[in-house]
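Asks: The structure is given below, and queries will be raised subsequently.
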Amino acid sequence: MSKMKTHSNITSPQYHTAELDQLLRENSRIMSIPAKTVFLEPGESMDGIYYIAKGRTRHYMVAHDGSEKVLYFLSEGWFFGETTCNLQKTTELFSKTDVDTVIYSIPMPVYWKLLSENDTFCNAIIESCCYKMLIMKHEIASLSFNSCRYRLQYLFCTIADTSRVVDGGWYDLRVTYSQNDICSIIGSARVTVAKLMAELCGEGFLRTINRSTQINIQKYREFLDRANQLDTGDV
């Protein structure tokens, strides 16, 4: 089976070196932010960039009718705010912690100094920007060409915990999302998500045990094989 692509907006922790971690600690203001806290809103000026040392954040837009669309989730090792900082613009997104989160705030003068003088820092920033560009490209393609059902299945495959098999044929999920969260992630209405999840449970793709959702390993593999064939054009 082909490996799953890593361009989903449900990001995994980024790997960074001890050198970079020490550099960031020495040049940042440490912020401890409780879970479910909005700490940036559209129109706010950013006096630097941020680095997630621990926890997970979501970054999303809100439409006039109040509906949300998540652009990406970021976990340990990710930077954010670098585009806004470089262009000297105000932020256009809401940023919110999903869990208790520790963020390193790197002031603007320090950011520019490190960017011009430290290759390790510069490479990390470039890598972060490039990965986000791939994420956004993937999201645009998914919303443009893939059905809600496909996006829902892809979401569950993305968050499957493949490190442990349950009951001989199921994976738990690494992250639990409410239906409202799922609607925001895949860009669909709640009634549609509820209907599709019921269908996927009826087909054996998903099951719910003690209020926890699990994904069938065989169905997981079959879906990813089809998804990877579509990505490569080998259909």
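Asks: Structure shown: which of K36/K195; K96/K132; K137/K195; K89/K137 lie over 25 Å apart, alpha-carbon to alpha-carbon? If you can, show how the numbers build up before the last one.
Replies: Values: K36/K195 27 Å; K96/K132 17 Å; K137/K195 28 Å; K89/K137 22 Å.
Those over the limit are K36/K195; K137/K195.
Asks: While we're here: With +1 on each Lys and Arg Cβ and -1 on each Asp and Glu Cβ, how big is the dipole of the chain about its Cα centre, in debye rounded to the nearest 20?
Replies: Numbers: 25 positive and 27 negative charges, 126 e Å.
The dipole of the chain has a size of about 600 debye.
Asks: Could you put R211, R56 in order of accessible surface area, largest first, with the 1.4 Å probe and the full protein assembly present?
Replies: Most to least solvent-accessible, the answer reads R211, R56.
Asks: Counting only heavy atoms of protein chains, what accessible area per residue, in Å², does the stretch 1-160 have with a probe of 1.4 Å? Present the calculation step by step, with values, prior to reporting the outcome.
Replies: Values: 8330 Å² over 160 residues.
In whole numbers, the stretch 1-160 has 52 Å² accessible per residue.
Asks: Now, a different point. Could you work out the pair-distance distribution P(r) of the chain from its alpha-carbon pairs, with 10 angstrom bin width and percents rounded to whole numbers?
Replies: 7, 29, 33, 21, 9, 1
Asks: Convert each backbone phi in the stretch 56-73 into a coupling constant with the Karplus relation 6.51 cos²θ - 1.76 cosθ + 1.60 (shift: θ = phi - 60°), then list the ³J(HN,Hα) values in order as whole Hz, x for Gly and Pro.
Replies: So the Karplus estimates, Gly and Pro as x, are 7, 10, 10, 10, 8, 10, 10, 7, 4, 8, x, 6, 10, 9, 6, 7, 6, 9 Hz.
Asks: Now for a separate question. Quick one: with all protein chains in place, what share of the accessible area of the stretch 57-123 is carbon or sulfur, to the nearest percent (1.4 Å probe)?
Replies: 53 percent
Asks: As a check on your grasp of the helix formula, calculate [θ] at 222 nm for the chain: sum -39500 (n - 2.57) over DSSP H runs of n ≥ 4, divide by the residue count, round to the nearest 500.
Replies: Calculated at 222 nm, the ellipticity per residue is -13500 deg cm²/dmol.
Asks: Mind checking the dipole of the stretch 74-187: about its Cα centre, +1 per Lys or Arg Cβ, -1 per Asp or Glu Cβ, Debye to the nearest 20?
Replies: 360 debye
Asks: Given the options T192, L173, V110, identify the residue whose Cα lies farthest towards the positive end of the charge dipole of the chain (+1 on Cβ of Lys, Arg; -1 on Cβ of Asp, Glu).
Replies: Looking along the dipole axis, the top candidate is T192.
The values are calculated or read from the model by the stated rules, or taken from the named source; none is laboratory data. All values reported here derive from a predicted model rather than from experimental measurement. Here the Cβ is made from the backbone with ideal geometry for all residues, glycine too, and neighbour counts use every protein chain on show. Please note that ligands, DNA and RNA were not included when accessible areas were found on the heavy atoms of the full protein model with its side chains. Shrake-Rupley method; radii C 1.70, N 1.55, O 1.52, S 1.80 Å.
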